[in-house]
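Single-structure report; data block below.
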Amino acid sequence: MRDYCKRAALAKTVPFTTKGFRIGAKWQALLLWLLAISLLGVAICWALQAWCGDNQSGQHQRILLHDERRPVAIVDFWPLEQQVFVVDLTAIADLDFVNKFNQAQQDQSPEQATATVSTSSPFSSVSTIYSLGLGMLFDRTLLVNNLELNQEAIESFLRQDAKLATLVDNDQLWWRFESFQKFQARKQKQQFNCPVAVINATSPSGLAANFSSMIERSQFAVIRKANLSKDYPLSQVIYDENNVDCQNLLGKLAAFGEFQVNKQEQSLLGNYRAKMVIILGEDLGNLHALLVDFL
């Protein structure tokens, strides 16, 4: 009887044992708590990746709406600030940059023909021409047809694009309609941590200054502007691949035109103390030479 009681009392006090390793009740609870925290962390990371990564719903997005003739409106999404700025461009004259560009090519003399930008050029798209004309980078350039410039119509149009629908379907966004002059005058804070050096490797002057202004309007800091004597037929980008903000800017540059990513001259990042170096080549210089008279 005594032996039985001793064994029963011992069974109540001896911790759980598996293959000679004892785990007390407190340790079991701690391990379960750590496991729960780990699973919660994985779930949060997955949710954040889906929300901010795949859908880009947390990133700034600047969209240009245009018709067959000219720009119509700018829709500027700032999800973190929960604001959308809509800029009506229809009342502004002389924004038919594409027609002017085509006319400039036709009016070239034989001596100027070397500067002609062919339709196969990486910088011959409507997005490139409108970006240079309006002086800012756009993440998307979308064709519209008789779109009314009110919140309901714009939301309905943008919802047709799955990626943009995630931006629009946010009840917390505050929609603000303003003039192009006010939009341009608004001070741009440097929000992203990707210091940029803009290097002009072309003969036309003013290109580096214009392009730097476009980058700064997207809230990136341009820390260096310089000229380069070395010839670069193609415009190129060297950047820190581990910098998330630089990857964001690279996406905006890809929407502007086809910059060549240069992985052979990473030393330029150290030379200019920048996280991204943009070299403006002859392809972009030729386009700028045609547009300079009406930019």
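Show me the chymotrypsin sites (Phe, Trp or Tyr not before Pro) within segment 237-295 that DSSP assigns to loop and that have at most 15 other Cβ atoms within 10 Å of their Cβ.
Within segment 237-295, no chymotrypsin sites (Phe, Trp or Tyr not before Pro) qualify (loop, at most 15 other Cβ atoms within 10 Å).
Computed FRET efficiency, Cβ-Cβ of R224 and L34, R0 35 Å: what is it to the nearest 0.05?
0.15
Using the Cα atoms of segment 61-294, I'd like the radius of gyration and the largest Cα-Cα distance, Dmax, both in angstrom.
Answer for segment 61-294, Rg first and Dmax second: 18.1, 57 Å.
Express in nm, to one decimal, how much length is gained between R140 and A91 on full extension, taking 0.36 nm for each residue of separation and deducting their alpha carbon distance.
The R140-A91 span can extend by a further 15.5 nm.
Counting other Cβ atoms within 10 Å of each Cβ, which GluC sites (Glu not before Pro) in segment 125-166 have at most 12 and sit in a DSSP loop?
Those that pass, being in a loop and sparsely packed, are E148.
Here is the link list: K182/K225; K252/K275; K230/K263. Which ones come out longer than 19 Å on Cα distance?
Distance filter (> 19 Å) returns K182/K225.
Order of V222, V196 from fewest to most other C-beta atoms within 10 Å?
In increasing order of surrounding Cβ atoms, one gets V222, V196.
With a Förster radius of 22 Å, plug the Cβ-Cβ distance of A165 and K189 into 1/(1 + (r/R0)^6) and report the FRET value to the nearest 0.05.
Using R0 = 22 Å, I get an efficiency of 0.20.
FYI, it's all coordinate maths here, none of it is from the lab. Since this is a predicted model, take the numbers as computed values, not measurements. Glycine gets a Cβ as well: all are built from the backbone with ideal geometry, and neighbour counts include every protein chain shown.
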